[in-house]
Amino acid sequence: MSTIQPVRGTHDLIGEEQRRHAHVVGTAREIAGFYGFDEWSTPIFEDTRVFSRSLGDTSDVVSKEMYSFSDRDGESLTLRPEGTAAVCRALVTNALTQSLPQKVFYAGPMFRHERPQKGRYRQFHQIGAELIGAAEPLADAEAIALGHAVLKALGIADYVTLELNTLGDTQSRTAWRQALVDYFSAHKGTLSEDSLARLEKNPLRILDSKDAADRALVADAPMMAEFLTPEARAFWDELRQKLDMFGIAYTINPSIVRGLDYYNHTTFEFVTNRLGSQGTVLAGGRYDGLVKQMGGPDIPAIGWAAGVERLAMLLEDVAPAPRSVVIVPVGSPDEAAVCQILQALRAQGIRTEIGYKGSLRKRMERAGKQNASHVLFLGEEELVRGVFRVKVMESGEEREVSRDALCSEARSIFAS
RNA sequence: GCGGACGUAGCUCAGCUGGUAGAGCGCCGGUUUGUGGUACCGGUGGUCGCGGGUUCGAGCCCCGUCGUUCGCCCCA
């Protein structure tokens, strides 16, 4: 019988990989707390409309890349492809539109039916932050500062750069978009095939093209800055001031446009060159139109998300596997005494294990293999005297410790 | 969804112009149940990703398929 393989694009997190993930999520959670963000957990599947509405039904993302299925009642459900839409849904459902702003942190699995690549899986994990209900540039700066702080705490801020752009308000954006369409339409002959399609579907994305000829064209394309309304310009200026005040460095990259129409004003990406073509590590923007688009009131918001897999790959120092104190009986010590000491150590917060079988030699071998910090010998003879031998595995050094000491001050005994 | 590369033991790999699988490491056991890492001895290990085809004969050649990987598309 053949073994069953994991579903394409899914993988198991075990050992060091699990520790890397846990470290990313734990760190982000802690830093988000410093910024006053509370964690929300929303379901990993939703009514399909939560996502189709936020993304727009025409987007081929919806038809091609979502994990959608009918449940037994014929209702269309979707494994969440991202966090923002679900958070907006939860905001409305829980009537939190009445108590703004809401500062939300989330972490968990997401699902997209894509061709897997490095750091890009079908079930993957994201952390994210949403600051909902604040229209001021200070909010954008705070959200970005949080993202930066997370990367810094993970020790990867040094080789990640913040790229920043503005899409302006609706009016600015509409005018710019039209100018881009006009410009690129006049150069249809030199546009790549992909970009010709983008010209119809999403002209802004031509700015992101990797095609050499496209990039040459893009260099002379109309710039957003020329189309900013006075209000949008003021917002953009203030955002950069605030980032300066927060001490966060950035470079302006006019080609960061994000994919979807509900974005406005701020867009940003933290980018690294260490992950091949999948260089974006944490990205977000302002999405003032989204909550309304999902059937809620007109509420401004800004947020970002980051892929845990990619962050985990970038970590340089990984937490070592935890080490145990291993109890090794010698001879045939009283079993009740053995169990009692096991529990006494665990009750004091010491990671304590006991092997289940084997000769003394075998048990020592296993203790070594599992990288035990100490071995606690429970010798038949010593037990009678109320005494145990503790061996420090690294040095091999041994000493005698009384049962009373073990039961009351185990932490200091095993501190070294 | 599209294109390139790759799939031999748990891992890293070898396997000649086609003649029906090998090493190292690991794993398990042993060197008297009072001491691990070293050493020695022994053992477990593979439908060569899967299915078809060519052939007297396929790990090797051909086709398909699944998976991995690099890139494209997309990126919420």
Problem set entry | Three-way shape call for the stretch A:325-413 based on the alpha-carbon gyration tensor, with the a/c threshold at 1.5 | rounded
For this session: Could you count how many Lys pairs in chain A have their Cα atoms under 24 Å apart, skipping same-chain pairs fewer than 8 positions apart?
Result: 17
For this session: Please list, in chain and number order, the residues 5+ apart from A:Gly379 or on another chain whose amide H is under 5 Å from its amide H, with Hs placed from the backbone.
Result: A:Val330, A:Arg389
Seminar exercise, completed: With +1 on the Cβ of every Lys and Arg and -1 on the Cβ of every Asp and Glu, the dipole magnitude of the stretch A:142-270 about its Cα centre, in debye rounded to the nearest 20, is 120 debye
Problem set entry | Model label zone, A:Val384; criterion: amide N under 19 Å from point 7 Å along Cα-to-beta-carbon; scope the stretch A:319-340 | A:329-338
For this session: Please say if chain A is rounded, prolate or oblate, where rounded means a/c under 1.5 for a ≥ b ≥ c the square roots of the C-alpha gyration tensor eigenvalues, and otherwise the choice is prolate for a/b larger than b/c and oblate otherwise?
Result: prolate
Problem set entry | Under the Karplus curve 6.51 cos²θ - 1.76 cosθ + 1.60, θ = phi - 60°, whole-Hz ³J(HN,Hα) for the stretch A:29-34, x wherever Gly or Pro sits | 4, 5, 5, 4, x, 4
Exercise. Quick one: Karplus J couplings for the stretch A:173-186, per residue in order, coefficients 6.51, -1.76, 1.60, θ = phi - 60°, nearest Hz, x for Gly and Pro?
Worked result: 5, 4, 5, 5, 4, 5, 4, 5, 4, 4, 4, 5, 5, 6
Seminar exercise, completed: Label model pair A:Glu238, A:Val330: point-to-point distance (7 angstrom along the Cα→beta-carbon line) in nm is 7.4 nm
For this session: Could you tally the net charge around A:Thr229, taking each other residue with its Cβ under 12 Å from the Cβ of A:Thr229, Lys/Arg +1 and Asp/Glu -1?
Result: -1
Exercise. So which trypsin sites (Lys or Arg not before Pro) in the stretch A:113-186 end up in coil per DSSP with only 14 or fewer other C-beta atoms within 10 Å?
Worked result: A:Lys118
Exercise. Counting Lys and Arg as +1 and Asp and Glu as -1, each charge on the Cβ, what is the dipole of chain A about the Cα centre in debye, to the nearest 20?
Worked result: 1060 debye
For this session: For the stretch A:111-264, state the semi-axes of the equivalent ellipsoid (square roots of 5 times the eigenvalues of the alpha-carbon gyration tensor), sorted largest first and rounded to whole angstrom.
Result: 28, 23, 15
Exercise. In square angstrom, rounded to the nearest 10, how much accessible surface does A:His113 have for a 1.4 Å probe?
Worked result: 80 Å²
Exercise. In nm, to one decimal, how far is the A:Tyr35 label point from the A:His11 one, both placed 7 Å along Cα→Cβ?
Worked result: 2.7 nm
Seminar exercise, completed: Out of A:Ile14, A:Ala283, A:Leu199 - ranked by how far each Cα lies towards the positive end of the dipole of chain A, with unit charges on the beta-carbon of charged residues - the top one is A:Ile14
Problem set entry | Cα-centred dipole magnitude for the stretch A:328-416, charges only on beta-carbon of K, R (+1) and D, E (-1), debye, nearest 20 | 380 debye
Exercise. Between A:Leu360 and A:Ile44, what is the FRET efficiency for a Förster distance of 60 Å, r being their Cβ-Cβ separation, to the nearest 0.05?
Worked result: 0.80
For this session: May I ask you to give the percent of accessible area on chain A that is carbon plus sulfur, with a probe radius of 1.4 Å?
Result: 50 percent
For this session: Go through the stretch A:322-372 and name the trypsin sites (Lys or Arg not before Pro) that are in a DSSP coil and have 10 or fewer other Cβ atoms within 10 Å of their Cβ.
Result: A:Lys357
Problem set entry | From phi via Karplus (6.51, -1.76, 1.60), per-residue ³J(HN,Hα) for the stretch A:288-299 in Hz, x at Gly/Pro | 4, x, 6, 4, 5, 4, 8, x, x, x, 7, 10
Seminar exercise, completed: At q = 0.12, 0.15, 0.16 Å⁻¹, the log10 of I(q)/I(0) for the stretch A:81-172 from a Debye sum over equal Cα scatterers comes to -0.53, -0.83, -0.93
Exercise. For chain A, what is the accessible area per residue in Å², given a 1.4 Å probe and the full set of protein chains?
Worked result: 51 Å²
For this session: Divide by every residue of chain A the summed helix terms, -39500 (n - 2.57) for each DSSP H run of at least 4, and state the resulting mean residue ellipticity at 222 nm, rounded to the nearest 500 deg cm²/dmol.
Result: -11500 deg cm²/dmol
Problem set entry | Length-normalised contact order of chain A in % [C-alpha pairs under 8 Å, at least 6 apart] | 16 percent
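The values are calculated or read from the model by the stated rules, or taken from the named source; none is laboratory data. Source: prediction; values computed, not measured. With ideal geometry, Cβ positions are generated from the backbone for all residues, glycine too; neighbour counts draw on all protein chains shown. Accessible surface areas use protein heavy atoms only, side chains included; no ligands, DNA or RNA. Shrake-Rupley method; radii C 1.70, N 1.55, O 1.52, S 1.80 Å.
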